[in-house]
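Everything on this sheet refers to the single structure shown next.
The values are calculated or read from the model by the stated rules, or taken from the named source; none is laboratory data. From a predicted model like this one, the values you see are computed outputs, not experimental measurements. Neighbour counts are summed over all protein chains in view; Cβ atoms, including those assigned to glycine, are modelled from backbone coordinates with ideal geometry.
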Amino acid sequence: MNELGFYTLAGAPESPRDLIAEVADAEAMGIGAAFISERFNIKEAATLSGAAGAISERIGIATAATNHNTRHPMVTAAYAMTMHQLTGGRFSLGLGRGIARRDLAYGLSPITTAQMEDFVGVMRRIWAGETVLGHDGPIGAFPALAMRGVEPAHIPMTLTAFGPNSLALGGRCFDAVVLHTFFTDETTERVVGTVKQAAEEAGRDPAAVRVWSCFATIGDHLPEPVRLKKTVGRMATYLQAYGDLMVRTNDWDPAVLERFRADEVVRSVPGAIDQIGTTEQLEHIARIIPESWLSSAATGSPRQCIDAIRGQFALGCDGVILHGASPSDLAPIVDEYRLTRPEGVFDHLAANPGGV
């Protein structure tokens with residue numbers, strides 16, 4: 001089912017080895033793609049990608065996302081080519097803009113749209129077998145970049161996009177775009193249109209740019225504390241990191257965000273709320289986040305979850321990432337989906353999350 005994906009090691013895993021069972025379970029269940037997010041602790045993306053590729057045979061694999069400024073371009077080019085060959089073409093290199101505040105703390109310059117576009121162009125030239133001489137662009141100056149002794153390849157690239165500039169960039173030069181969690185229906189329909197229109201304006205086939213909805217999927221078969229963490233906790237963490245962008249994108253009331261930021265319980269959590277917030281803290285925070293902000297998710301019974309997931313396809317998305325849950329958490333939902341999956345509708349989708 002190449003129209004469905006999941007994030008491995010969702011949230012804060014106890015061990016990266018959990019990925020091994022998760023990818024195997026997802027492949028056995030028929031989930032089409034495994035997405036790998038990156039945090040600079042035990043979730044370093046290149047290592048996790050190699051593990052996922054080594055223990056799987058069919059499932060697509062994508063980083064969603066790593067950042068181009070944390071590795072030298074040749075290191076990233078070699079990483080992607082290694083994954084491409086290791087997986088028989090199932091790998092998509094996924095990039096994102098990252099968090100500016102974190103980059104500044106690490107001594108890195110915040111990522112710009114121009115840098116990401118420049119980086120895509122350089123990667124494609126290297127993978128095509130070209131020697132890139134004297135490059136001097138937004139990503140920096142490099143005397144010579146080349147990959148020797150390797151067959152040229154097209155490696156699909158995926159962009160995790162949020163704002164209008166990133167969305168347009170995705171349509172212009174990436175193979176796939178991953179949207180953000182908790183987009184309203186109106187926002188989802190609008191941003192899918194932004195990606196597809198940008199592709200068309202760039203002379204590309206809009207249908208060839210896959211748009212993935214990142215859709216929180218938290219069934220009511222899970223314990224209430226877990227559901228709180230994966231819904232309220234996750235939303236709260238997004239509001240901590242880039243609340244203004246979330247509110248602006250969804251046309252939400254900014255006064256609610258200000259109340260959230262001023263709340264004593266929120267201010268008392270010294271880090272990401274979805275990682276370290278207690279059940280009691282999450283119950284309090286649930287009372288200050290509007291239910292409408294959390295409603296863009298698949299919740300309830302398996303049938304209710306499936307109805308919500310199908311709604312994402314109706315809004316124009318090409319795939320749905322069942323976000324925030326492991327394959328074992330998703331099992332009853334995926335089983336229900338399989339029973340009523342429309343025949344032939346998604347047969348054109350490749351296993352590679354960025355392929356067509």
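From the list Q281, Q275, the one residue that fits, being outside the structural domain of A176 (by TED's automatic domain parsing), part of a helix (DSSP H, G or I), surrounded by fewer than 18 Cβ atoms within 10 Å (Cβ to Cβ) and among the polar types (S, T, N, Q), is Q275. Restricted to the range 89-112, and to residues there that are among the polar types (S, T, N, Q) and surrounded by fewer than 23 Cβ atoms within 10 Å (Cβ to Cβ), the residue that is nearest to I59 (Cα to Cα) is T112. For the range 224-251, the set of residues classified as surrounded by 19 or more Cβ atoms within 10 Å (Cβ to Cβ) and hydrophobic (A, V, I, L, M, F, W, C) consists of L228, V232, M235, A236, L239, M246, V247, listed by residue number. Annotation: of all residues in the range 304-354 being within 19 Å of V177 (Cα to Cα), of a type in the set (G, A, S) and in contact with a strand residue (DSSP E or B) (Cβ under 8 Å, 6 or more places away or on another chain), the one that is modelled with the lowest pLDDT is G324.
Just the residues that are of a type in the set (K, R) and closer than 14 Å to F91 by Cβ, please, taken from the range 42-77. Passing the criteria: only R58.
Out of the residues in the range 5-31 meeting the condition of being small (G, A, S) and closer than 19 Å to T181 by Cα, tell me which one is surrounded by the most Cβ atoms within 10 Å (Cβ to Cβ). Here the answer is G5. Return yes or no: is I289 in the same structural domain as K230 (by TED's automatic domain parsing), closer than 19 Å to H180 by Cβ and among the hydrophobic types (A, V, I, L, M, F, W, C)? It is true that I289 is in the same structural domain as K230 (by TED's automatic domain parsing), closer than 19 Å to H180 by Cβ and among the hydrophobic types (A, V, I, L, M, F, W, C). Residue-level check: of (1) surrounded by fewer than 16 Cβ atoms within 10 Å (Cβ to Cβ); (2) hydrophobic (A, V, I, L, M, F, W, C); (3) in a helix (DSSP H, G or I), I288 misses just (3). Summed over the range 182-223, residues that are under 20 Å from G355 (Cα atoms), among the hydroxyl-bearing types (S, T, Y) and part of a helix (DSSP H, G or I) total 1. Within the range 72-94, residues that are closer than 17 Å to E117 by Cα and of a type outside the set (K, R) reach partners that are modelled with pLDDT under 95 and not in a helix (DSSP H, G or I) with beta carbons closer than 8 Å, at six or more positions or on different chains, in the pairs S92/G355. Figure legend. Inter-residue proximity from the range 284-310: first residues on the phi > 0 side of the Ramachandran plot, second residues of a type outside the set (F, W, Y) and part of a loop (DSSP other than H, G, I, E, B), beta-carbon distance below 8 Å, spacing 6+ or different chains. Indicated pairs: G300/D220.
Candidates are the residues of the range 60-88 that are of a type in the set (A, V, I, L, M, F, W, C) and farther than 18 Å from L159 by Cβ; the one that is surrounded by the fewest Cβ atoms within 10 Å (Cβ to Cβ) is V75. A Cβ distance below 7 Å, combined with a sequence gap of six or more or placement on separate chains, defines the contacts here; from the range 150-171, residues that are surrounded by 20 or more Cβ atoms within 10 Å (Cβ to Cβ) reach residues that are acidic (D, E) in the pairs P156/D175; M157/D175; T158/D175; L169/E117. Applying the criterion of being closer than 12 Å to I289 by Cα and of a type in the set (A, V, I, L, M) to the residues of the range 229-246, the residue that is nearest to the chain's Cα centre (by Cα) is M235. Taken over the range 4-62, residues that are among the β-branched types (V, I, T), touching a Pro at 6+ places or on another chain (Cβ under 9 Å) and within 21 Å of H84 (Cα to Cα) amount to 5. Candidates are the residues of the range 125-181 that are in contact with a Ser or Thr (Cβ under 8 Å, 6 or more places away or on another chain), in a strand (DSSP E or B) and of a type in the set (G, A, S); the one that is farthest from A77 (Cα to Cα) is A176.
Filtering the range 299-347 to residues that are within 18 Å of D185 (Cα to Cα) and of a type in the set (D, E) leaves D307, D318.
Only one of these conditions is not met by T131: (1) farther than 28 Å from W212 by Cα; (2) free of Cβ contacts under 8 Å to residues at least 12 places away in the same chain; (3) of a type outside the set (A, V, I, L, M). Which number is it? Single failed check for T131: (2).
Being β-branched (V, I, T), crowded, with 18+ Cβ neighbours inside 10 Å and either more than 13 Å from the chain's Cα centre (by Cα) or not assigned by TED's automatic domain parsing to the domain that holds A114 (or both): is that true of I36 here? Against the criterion (β-branched (V, I, T), crowded, with 18+ Cβ neighbours inside 10 Å and either more than 13 Å from the chain's Cα centre (by Cα) or not assigned by TED's automatic domain parsing to the domain that holds A114 (or both)), I36 does not qualify.
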